[in-house]
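This structure is in structure tokens; I'll ask about it shortly.
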Amino acid sequence: MTALRSLIDTRSDAFRRNAERMAERLALVQGLQGKVVAESASKREKFEKKGQLLPRERVARLLDRGSSFLELSALAGLGMHDDDGKKAVLGGGSIVGIGQVAGKRVLISASDSAVKGGTVAPMGLKKGLRAQAIALQNKLPLIALVESGGANLMYQADIFVDGGRSFANQARLS
């Protein structure tokens, strides 16, 4: 295979400025992702009292030991609905990603019941639909860990049609 030649001068001032800006933006995104995890983890005591694992812990235990998990759409719905994009960063109320279970690559979708009781808001539903599409397109088994209060009634008119689409996709994935 032929190696690609780059014309980028990694010692130039422009490159350094761009690299610094990129690092700043990455830090911002990582900080927001940390808030998604912290929002859920803040409910640890409540879960422990009920003898339950937090949703991220359930996902971690499902995965093959030592395998990686590529989280997808971690910032879904940022700044929309109940997610203010600052203090309450909810990640669409679910955890979606690709990992390995029993030696097989799978797509995992777990409702985050530590966020709004796992109720589904419009962007959380879109996140789930995207997960289903990825599973279908890539012929990945989809494992769903569901503990949900169902549709967030504040947004039921916004999710009715797509909610039906998610059931149709489940049938296709079966």
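Can you work out which of the residues in region 103-119 that are β-branched (Val, Ile, Thr) and buried (at least 22 other Cβ atoms within 10 Å of the Cβ) is nearest to Ser174 (Cα to Cα)?
That would be Ile108.
Filter region 11-70 for residues that are loosely packed, with under 14 Cβ neighbours inside 10 Å and among the hydroxyl-bearing types (Ser, Thr, Tyr) and give the result.
Selection gives Ser12, Ser42, Ser67, Ser68.
Then there's this: Keeping to region 118-174, report how many residues are of a type in the set (D, E, K, R) and without any contact (Cβ under 8 Å) to a residue 12 or more places away in the chain.
Counting residues in region 118-174 that are of a type in the set (D, E, K, R) and without any contact (Cβ under 8 Å) to a residue 12 or more places away in the chain gives 1.
Could you list, in sequence order, the residues of region 8-44 that are closer than 17 Å to Gly118 by Cα and at pLDDT 95 or above?
Across region 8-44, there are no qualifying residues.
Which ranges mark the strands (runs of 3 or more DSSP E) fully within region 1-111 that have 2 or more residues being acidic (Asp, Glu)?
none
Here is a follow-up. Could you run through region 124-174 and say how many residues are in a loop (DSSP other than H, G, I, E, B) and in contact with a Gly (Cβ under 9 Å, 6 or more places away or on another chain)?
6
Show the residue pairs that are 6+ apart or on different chains and have beta-carbon atoms under 7 Å apart, the first residue being within region 15-42 and in contact (Cβ under 8 Å) with a residue 12 or more places away in the chain, the second being part of a helix (DSSP H, G or I) and surrounded by 10 or more Cβ atoms within 10 Å (Cβ to Cβ).
Sorted first by the residue in region 15-42, then by its partner, the pairs are Val36/Gly91; Val37/Arg56; Ser40/Pro55; Ser40/Arg56.
For every residue, the table says whether it meets (1) of a type in the set (A, V, I, L, M, F, W, C); (2) under 24 Å from Leu129 (Cα atoms).
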| site | (1), (2) |
| --- | --- |
| Ile8 | yes, no |
| Asp13 | no, no |
| Met22 | yes, no |
| Gln33 | no, yes |
| Glu39 | no, yes |
| Arg56 | no, yes |
| His81 | no, yes |
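How many of the residues in region 120-162 are at pLDDT below 75 and not hydroxyl-bearing (Ser, Thr, Tyr)?
13
The values are calculated or read from the model by the stated rules, or taken from the named source; none is laboratory data. Please read all numbers here as calculations on a predicted model, not as lab measurements. Backbone-built Cβ (ideal geometry, glycine too); neighbour counts: all protein chains shown.
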